[in-house]
């Protein structure tokens, strides 16, 4: 199949996103590449999310409402419904620049070995007026070791476009509050190589509540991540696993110290070092 006739599925979970979802949908409608489907999963919103979504009349937009079950369950619903040859994710408060789809498909077009294409991300303030961080990947190749090592060389978050292939279960692990994006990519990392475009493919909105601010939850999440990688990924290099333990220990200790939580910092060091 020609890359530039391929259908791209965009999966958008939405929970109480009425304030931003209209702008997110409009960013998809403005794409220079037009052969897409947008699957919006309303995860039991209590605000006007549904009202805002239903204002759009475009056959490429599919809307599903479900009882609140969390972002992973919402994404899984979208994954079960997608028809695309490629797929990617867009949170209901973020924005795709006009060439987000086209620029990533262009990279796929030039390298048949690729299964994942990422790109530059502008991390913005809540009103999208100021760039707080300009993220650009620096790695090309198989992403598995980098994902294990919590490297920023190829992973900022859920920003990859993925070539859909037979034999892979595209599904997020439910019940996790941290690390679910990384584990999703780890589960499919063996299907091919990773690359990126230098075009901006996402405007990521910050300033709202973040799970990363809950340090106890973050520590628990990192422990779960470590144990899953250790016990379920037979191909993991022992040195990469050791580096993962060092990295999560360092992250947690420094995070607690930054908050002047000195006793939790010591406890975290002792606990994580003993994994």
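Among the candidates 57, 77, which residue alone is in a loop (DSSP other than H, G, I, E, B) and either over 18 Å from residue 99 (Cα atoms) or touching a helix residue (DSSP H, G or I) at 6+ places or on another chain (Cβ under 9 Å) (or both)? Lay out the reasoning, then the answer.
Numbers: 77 fails: in a loop (DSSP other than H, G, I, E, B).
Just one listed residue meets the conditions, 57.
Go through the residues of segment 171-186 one by one and say whether even a single one is assigned by TED's automatic domain parsing to the domain that holds residue 24, out of contact with any helix residue (DSSP H, G or I) (no Cβ under 7 Å at 6 or more places or on another chain) and surrounded by 19 or more Cβ atoms within 10 Å (Cβ to Cβ).
Of all residues in segment 171-186, those assigned by TED's automatic domain parsing to the domain that holds residue 24 come to 171-186.
Okay, now just the ones that are also out of contact with any helix residue (DSSP H, G or I) (no Cβ under 7 Å at 6 or more places or on another chain), so 175, 181, 184.
After this cut, where a residue has to be surrounded by 19 or more Cβ atoms within 10 Å (Cβ to Cβ) as well, the list is 181, 184.
Looking for residues that are assigned by TED's automatic domain parsing to the domain that holds residue 24, out of contact with any helix residue (DSSP H, G or I) (no Cβ under 7 Å at 6 or more places or on another chain) and surrounded by 19 or more Cβ atoms within 10 Å (Cβ to Cβ), one finds at least one in segment 171-186, hence yes.
May I ask you to say which residue of 218, 242, 225, 272 is more than 30 Å from residue 98 (Cα to Cα) and surrounded by fewer than 19 Cβ atoms within 10 Å (Cβ to Cβ)?
242
Which ones in segment 16-46 are in contact (Cβ under 8 Å) with a residue 40 or more places away in the chain, in a loop (DSSP other than H, G, I, E, B) and out of contact with any helix residue (DSSP H, G or I) (no Cβ under 7 Å at 6 or more places or on another chain)?
If the condition is that a residue be in contact (Cβ under 8 Å) with a residue 40 or more places away in the chain, in a loop (DSSP other than H, G, I, E, B) and out of contact with any helix residue (DSSP H, G or I) (no Cβ under 7 Å at 6 or more places or on another chain), then 19, 20, 30 are the ones that fit.
Name the helices (runs of 4 or more DSSP H) wholly within segment 157-275 that hold at least 1 residues that are closer than 21 Å to residue 107 by Cβ?
Details: elements: 180-188, 215-232, 238-258, 262-273.
Once the helices (runs of 4 or more DSSP H) in segment 157-275 are filtered for at least 1 residues that are closer than 21 Å to residue 107 by Cβ, what remains is 180-188.
Would you check which residues across segment 87-117 are surrounded by fewer than 22 Cβ atoms within 10 Å (Cβ to Cβ) and in a strand (DSSP E or B) and list them?
114
The values are calculated or read from the model by the stated rules, or taken from the named source; none is laboratory data. Keep in mind that what you see is a predicted model, and the values were worked out from it rather than measured. Backbone-built Cβ (ideal geometry, glycine too); neighbour counts: all protein chains shown.
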